[in-house]
Structure formats: C-alpha cells, structure tokens
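Notes follow the structure.
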Amino acid sequence: MEDKGIETDLELYEVVDKQPGESVYSLAKAMGWSNGKTYAAARRLERAGMVHIEKAERNGRYVLIIKPKTWEEYYTPEELAEMRQPEFMDEVEAIVKRAQQS
C-alpha cells in the first residue's frame, strides 16, 4: 500500500471486510466519499493484494464489486495442506499454551 492515502485505504478495507461484495458506488455512499476517492482506495488495496475488484451486472448495469481476499488466499497450497493435518491443531494449541504461561 502506498503511504499516500493509507488511512483512507484502511478505513475502506474495514468496511469492505464487514460488507463484502458491495459496489464502489454503495461503499462511497455509505462512507460519504466520492466514487473517485473510493475507487482509488480500492485500487490501492487491490495492488496491495488485500481485495479483489470484479465487474458484475446488477439490475442491467455493470458495477464494480469489492471483496476482501479470503484467509486461504494468503497461504500456499502446501501450507493449506499442512493446516488440514490433524496434528497441526495440536501444535497450535501447544504454542498457545506456552505463550499463556509466559
């Protein structure tokens, strides 16, 4: 994410995370921003790999939909396979337990 507009970008991300699949227009309206400001922040978030911008048809019109990346998209297929192993949660629980004892 670029330094310019980082607060704006994070503010938009918080809303997108709570309301995934909203259009740029509806997000702008909800936040009291212009479409341009909202779109620019969404593009910076997309370049940073935090959201997806998709074109969709609603009521016969094309709109840009903003969705946050899912948590799975931040991991490699190998990491996801490792997390699906039963012993993985045992390791996580052991780490949490050690951290709580410290």
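The values are calculated or read from the model by the stated rules, or taken from the named source; none is laboratory data. Given the structure is predicted, the values throughout are model-derived calculations rather than measurements. With ideal geometry, Cβ positions are generated from the backbone for all residues, glycine too; neighbour counts draw on all protein chains shown.
Does M83 satisfy the criteria of being out of contact with any Pro (no Cβ under 6 Å at 6 or more places or on another chain) and modelled with pLDDT under 90?
On the way: out of contact with any Pro (no Cβ under 6 Å at 6 or more places or on another chain): yes; modelled with pLDDT under 90: yes.
Spelling it out, M83 is indeed out of contact with any Pro (no Cβ under 6 Å at 6 or more places or on another chain) and modelled with pLDDT under 90.
Taken as a whole, the condition of being out of contact with any Phe, Trp or Tyr (no Cβ under 6 Å at 6 or more places or on another chain) and without any contact (Cβ under 8 Å) to a residue 12 or more places away in the chain applies to L80. Put simply, of I6, I65, I53, I95 the only residue that is β-branched (V, I, T) and in contact with a Gly (Cβ under 8 Å, 6 or more places away or on another chain) is I65.
Test E22 against the stated conditions and say whether it is loosely packed, with under 11 Cβ neighbours inside 10 Å and either of a type in the set (D, E, K, R) or under 28 Å from G5 (Cβ atoms) (or both). The answer is no for E22. Taking every residue in region 27-50 that is assigned by TED's automatic domain parsing to the domain that holds V15 and pairing it with any residue that is exposed (fewer than 15 other Cβ atoms within 10 Å of the Cβ) and of a type in the set (A, V, I, L, M, F, W, C), at least 6 positions away or on another chain, the pairs with Cβ-Cβ distances below 6 Å are A42/I53; E46/I53. Look through region 39-87, keep the residues that are of a type in the set (F, W, Y) and either over 10 Å from the mean Cα position of the chain (by Cα) or surrounded by 10 or more Cβ atoms within 10 Å (Cβ to Cβ) (or both), and return whichever of them is nearest to L27 (Cα to Cα). Within region 39-87, the match that is nearest to L27 (Cα to Cα) is Y39.
Per-residue answers, yes or no, for (1) assigned to a helix (DSSP H, G or I); (2) of a type in the set (G, A, S); (3) touching a Ser or Thr at 6+ places or on another chain (Cβ under 8 Å):
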site: I53; (1), (2), (3): no, no, no
site: V63; (1), (2), (3): no, no, yes
site: E72; (1), (2), (3): yes, no, no
site: E87; (1), (2), (3): yes, no, no
site: D90; (1), (2), (3): yes, no, no
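For region 1-26, filtering for residues that are outside any helix (DSSP H, G or I) and touching a residue at least 12 places away in the same chain (Cβ under 8 Å) leaves 7.
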